[in-house]
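The values are calculated or read from the model by the stated rules, or taken from the named source; none is laboratory data. On a predicted model such as this, the values are computed, not experimentally measured, just so you know. So basically every Cβ, Gly included, is an ideal-geometry build from the backbone, and we count neighbours across all protein chains shown.
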């Protein structure tokens, strides 16, 4: 049996978002491009499908009332994020999107995210530079909420850089104006479970985990 995929339609129905929005996004060339890029690949440590990041990010953007251009640009970010990916995508940009606004948002997202990657140690929220574009900041918020959710569930307490990464995500969310309660609500909603684990309980479990050395 393959890994279970995130049910975008169910999430939208649960959170008061028109389910038609799911079809509007998944039918775009940007979504098709990232689906083809990720395929059935899964994260090495967790075995979670890589497409979960995109689908959960789309779900979060829907609850932020983000524009379609922002959602489509979010779909493209894995194909443009690092230099090698950008060089590969550059020759086929017209296959990936038909919108100059989408590619502009995706490239501005790339700039902002790469200014403050998880490898960089930051001390205060003010060290994080946000975008002048609201849509890009919404994309960054969706990315960091989703990443922190996965970090808490799968890595907090076992990852060798647990404390550093924990602070990294918290500072990003503070900079983006995401309150602790807002994150807790997103944390619960994204689980799509009849009995979701509350954030406070998940944090307690993670504190009892023992660090492990990641596979080489």
Original post:
Among (1) within 24 Å of residue 153 (Cα to Cα); (2) under 15 Å from the mean Cα position of the chain (by Cα), which single condition is residue 40 missing?
Top reply: (2)
**OP:** Tell me which residues, restricted to region 23-37, are free of Cβ contacts under 8 Å to residues at least 24 places away in the same chain and either within 16 Å of the chain's Cα centre (by Cα) or surrounded by 14 or more Cβ atoms within 10 Å (Cβ to Cβ) (or both).
**Re:** 26, 32, 35
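Does residue 113 satisfy the criteria of being within 17 Å of the chain's Cα centre (by Cα), modelled with pLDDT of 95 or more and on the phi < 0 side of the Ramachandran plot? Give the steps one after another, and end with the answer.
On the way: within 17 Å of the chain's Cα centre (by Cα): yes; modelled with pLDDT of 95 or more: no; on the phi < 0 side of the Ramachandran plot: yes.
No, not satisfied.
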Subject >> Subset tally (residues that are in contact (Cβ under 8 Å) with a residue 12 or more places away in the chain and assigned to a helix (DSSP H, G or I)) for region 7-22 >> reply: 8
Original post:
So which of 115, 130, 61, 86 is surrounded by fewer than 21 Cβ atoms within 10 Å (Cβ to Cβ), touching a helix residue (DSSP H, G or I) at 6+ places or on another chain (Cβ under 6 Å) and under 24 Å from residue 179 (Cβ atoms)?
Top reply: 130
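Return the residues of region 162-183 that are more than 14 Å from residue 141 (Cα to Cα), touching a helix residue (DSSP H, G or I) at 6+ places or on another chain (Cβ under 8 Å) and modelled with pLDDT of 85 or more; say none if nothing qualifies. Walk me through how you get there before you give the answer.
The initial filter retains those residues of region 162-183 that are more than 14 Å from residue 141 (Cα to Cα), namely 162-167, 181.
Among the residues that remain, those that are also touching a helix residue (DSSP H, G or I) at 6+ places or on another chain (Cβ under 8 Å) are: 162, 165-166.
Within region 162-183, 165, 166 meet the criteria.
Residue check: is residue 209 under 22 Å from residue 107 (Cα atoms), at pLDDT below 90 and either out of contact with any strand residue (DSSP E or B) (no Cβ under 9 Å at 6 or more places or on another chain) or in a loop (DSSP other than H, G, I, E, B) (or both)?
no
For (1) surrounded by fewer than 16 Cβ atoms within 10 Å (Cβ to Cβ); (2) within 23 Å of residue 106 (Cα to Cα); (3) in contact with a strand residue (DSSP E or B) (Cβ under 8 Å, 6 or more places away or on another chain), each residue gets a yes or a no:
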residue	(1), (2), (3)
142	no, yes, no
168	no, yes, no
180	yes, no, no
183	no, no, no
189	no, no, no
Original post:
Which residues, counting only those in region 89-110, are surrounded by fewer than 12 Cβ atoms within 10 Å (Cβ to Cβ) and over 16 Å from residue 67 (Cβ atoms)?
Top reply: 90, 91, 92, 94, 95
**OP:** Would you check which residues across region 74-120 are part of a loop (DSSP other than H, G, I, E, B) and closer than 20 Å to residue 32 by Cβ and list them?
**Re:** 81, 91, 92, 97, 98, 99
